[in-house]
Amino acid sequence: MTAPSPNQLGDIYGRPLRDIRISVTDRCNFRCPYCMPAELYGEEYKFLPRSEILSFEEIERMARVFVDLGVAKIRLTGGEPLVRAHLTDLIERIAAIDPGIDLTLTTNGALLAPVAEDLKKAGLKRITVSLDSLDPDVFTAMCGRDNVHPDIVLEAINAAAAAGLTPVKINCVVQRGVNDHTVVDLAQKFRGTGHIVRFIEFMDVGTLNGWDMSQVVTAAEIVDMIGAEVPLEPVGANYVGEVAKRYRYADGSGEIGIISSVSQPFCGDCSRARLSTEGKLITCLFAADGLDLRGPMRGGASDDELKALIAGCWSTRGDRYSEQRSALTIRPRKRVQMFQVGG
Ligand code: SAM
């Protein structure tokens, strides 16, 4: 666990607030069954009305407040962040707060290729693109859209790399019996490209994806599968609190990451908070609710008052859900959904 510096916030376990993920929209152009299943989020589903979503001015203000409190990394996510109109304007605003901010974005890639250069010019530093399989049938099943081919995501990854949004990270959620047989192909595809594929254990986020442990392919199994083809060796973390455990190919052809939130939880170093689309501060991906910041902001709170609210919330934070999961794995009554708070 890293101790916060003297003027930085620490929670009850001394974990600093270093990293904020901002969900810029609850809408998504995909219907991944493990996140936003089509049968629950169809034509009739009412997403948040515009008035309830934070404006770019409000997001910029919150970002500035978080940076003042010690946040060094900002990830824009969603829903699908690229469905929000004029996103480059928001990126410009956030990048202008402090050139040192590690500003990044997570996307499914469907709308990325034509805008990759604009995102870079606006000040985005890096990008993470989700891609669960190269197999067209598996891909369409996992993105919930049968008119989308994985080539569109491959083109997006190439465009992002050409624009300099590097290293490109590629997120793959691994679900037993769904895409685990395509994991090695995905790893092989990007070996030697400089892109880093991060395999994510299927998590019990939200309450709607029918999660159970039998669908989780553990980090150890994933490392074994890939390592049987090309030997892997563990590498130390780039920084304390890094989400993915790193492995490099012994032949020097690159590295992969494994996000083992289920089998080897990493709450001890968790320095991440989330700002939901409607402006709630969420201190754990598995939280039931968050602290409303939009109400006070729209009610005229000063920056110092907002900082005090955030500090009060973070300093009492005791979340470590993933480490307690085995005791708590009974279905929760309420839990935030991932597309509302950002992955
Ligand atoms: N729409 C963007 C995308 O697809 O990358 C950003 C939002 S999405 C919620 C962020 C990441 O969360 C994606 O890589 C997605 O695969 C991952 N994710 C969603 N539900 C998950 C689950 N139940 N377990 C593990 N990862 C999940």
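The values are calculated or read from the model by the stated rules, or taken from the named source; none is laboratory data. All figures in this text were calculated on a predicted structure; none of them were measured in a lab. Note that we place each Cβ from the backbone using ideal geometry, even for glycine, and neighbour counts take in every protein chain shown. When the accessible area is computed, the model is the full protein with side chains, heavy atoms only, and any ligands, DNA or RNA have been set aside. Shrake-Rupley method; radii C 1.70, N 1.55, O 1.52, S 1.80 Å.
Brief remarks follow.
Let's see how each residue does on (1) touching a residue at least 40 places away in the same chain (Cβ under 8 Å); (2) within 15 Å of the chain's Cα centre (by Cα):
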| site | (1), (2) |
| --- | --- |
| Glu255 | yes, no |
| Ser261 | yes, yes |
| Cys270 | yes, yes |
| Ala273 | yes, yes |
| Cys284 | no, yes |
| Ala287 | yes, no |
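- Of the numbered criteria (1) open to solvent by less than 10 Å² (accessible area, probe 1.4 Å); (2) of a type in the set (A, V, I, L, M, F, W, C); (3) away from the ligand (no atom under 16 Å from the Cβ); (4) in a loop (DSSP other than H, G, I, E, B), the one Val65 fails is (4).
- Ala163 being open to solvent by less than 20 Å² (accessible area, probe 1.4 Å) and more than 19 Å from Ile256 (Cβ to Cβ): yes
- Hits in segment 166-198 - residues which are open to solvent by less than 10 Å² (accessible area, probe 1.4 Å) and in a strand (DSSP E or B): Ile170, Cys172, Val174, Val197
- Flag for Cys28 being crowded, with 20+ Cβ neighbours inside 10 Å and at pLDDT below 95: no
- Inside segment 114-151, residues that are in a loop (DSSP other than H, G, I, E, B), within 10 Å of the ligand (Cβ to nearest atom) and open to solvent by 10 Å² or more (accessible area, probe 1.4 Å) make up a count of 1.
- Test: residue in segment 33-48 that is over 23 Å from Asp146 (Cα atoms) and either in a loop (DSSP other than H, G, I, E, B) or away from the ligand (no atom under 16 Å from the Cβ) (or both): yes
- Being within 12 Å of the ligand (Cβ to nearest atom) and open to solvent by 30 Å² or more (accessible area, probe 1.4 Å) holds for only one residue in Leu105, Leu111, and it is Leu111.
- Residue within segment 319-337 that is more than 16 Å from the ligand (Cβ to nearest atom) and modelled with pLDDT of 90 or more present: no
- Here Gly70 does not fit the description of being out of contact with any Leu (no Cβ under 8 Å at 6 or more places or on another chain), among the small types (Gly, Ala, Ser) and over 19 Å from Asp292 (Cβ atoms).
- The residue pairs whose first member lies in segment 203-232 and is in contact (Cβ under 8 Å) with a residue 40 or more places away in the chain and of a type in the set (A, V, I, L, M), whose second member is outside any loop (DSSP other than H, G, I, E, B) and away from the ligand (no atom under 11 Å from the Cβ), and whose beta carbons are closer than 6 Å, counting only pairs six or more residues apart or on different chains, are Val217/Asp180; Ala219/Ile258; Ile222/Ile258; Met225/Val183; Met225/Val184; Ile226/Val184; Ile226/Ala187; Val230/Tyr249.
- Remark: pairs (first residue in segment 120-133, at pLDDT 95 or above; second residue near the ligand (Cβ under 10 Å from one of its atoms) and charged (D, E, K, R); Cβ separation under 6 Å; 6+ apart in sequence or on different chains) = Thr128/Lys169.
- Thr207 vs. criteria open to solvent by 10 Å² or more (accessible area, probe 1.4 Å), in contact with a Gly (Cβ under 9 Å, 6 or more places away or on another chain) and either among the charged types (D, E, K, R) or part of a loop (DSSP other than H, G, I, E, B) (or both): no
- Matching entry among Ile258, Ile226, Ile222 (being open to solvent by less than 10 Å² (accessible area, probe 1.4 Å), away from the ligand (no atom under 15 Å from the Cβ) and in contact with a helix residue (DSSP H, G or I) (Cβ under 7 Å, 6 or more places away or on another chain)): Ile226
- When Pro4 is tested against (1) on the phi < 0 side of the Ramachandran plot; (2) at pLDDT 95 or above, exactly one condition is not met: (2).
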